[in-house]
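Colleague: After the structure tokens below, expect a handful of questions from me.
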Amino acid sequence: MGEEHEVLTTEEAAALLRVSTKTVLALAREGTLPGEKVGRAWRFLRSDILAVVRGGSATRLMSEASDILGPGRGRDD
């Protein structure tokens, strides 16, 4: 299986995007970030995460995360 089909956990997706796991989960629940629920856990394809970033929607993604979580929340900094 190639890297493009690598399955990521919530923690791995958050590390790749450099946001908190709370942000990743909120975006996944609302459908902004493509992912699938497997049992009680979410899984994400690396290629889907990178496509969101490459598609120029990273700024929109962070803006939506801020709207969902409130100002200053969901970031690791």
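Colleague: What distance in nm separates the two pseudo spin-label positions at residue 18 and residue 32, each 7 Å out from Cα along the beta-carbon direction?
Modeller: Using points 7 Å along Cα→Cβ, the separation is 1.8 nm.
Colleague: Where a ≥ b ≥ c are the square roots of the eigenvalues of the C-alpha gyration tensor, would you call segment 7-52 rounded, which needs a/c under 1.5, or, failing that, prolate if a/b is larger than b/c, or oblate?
Modeller: On the way: a/c = 1.25, a/b = 1.16, b/c = 1.08.
Rounded is the answer for segment 7-52, as its axis ratio a/c remains below 1.5.
Just so you know, all these numbers are worked out from the coordinates, no wet-lab data involved. Model, not experiment: these values are computed from the prediction. Reconstructed Cβ throughout: ideal geometry from the backbone, glycine too, with neighbour counts over all protein chains shown.
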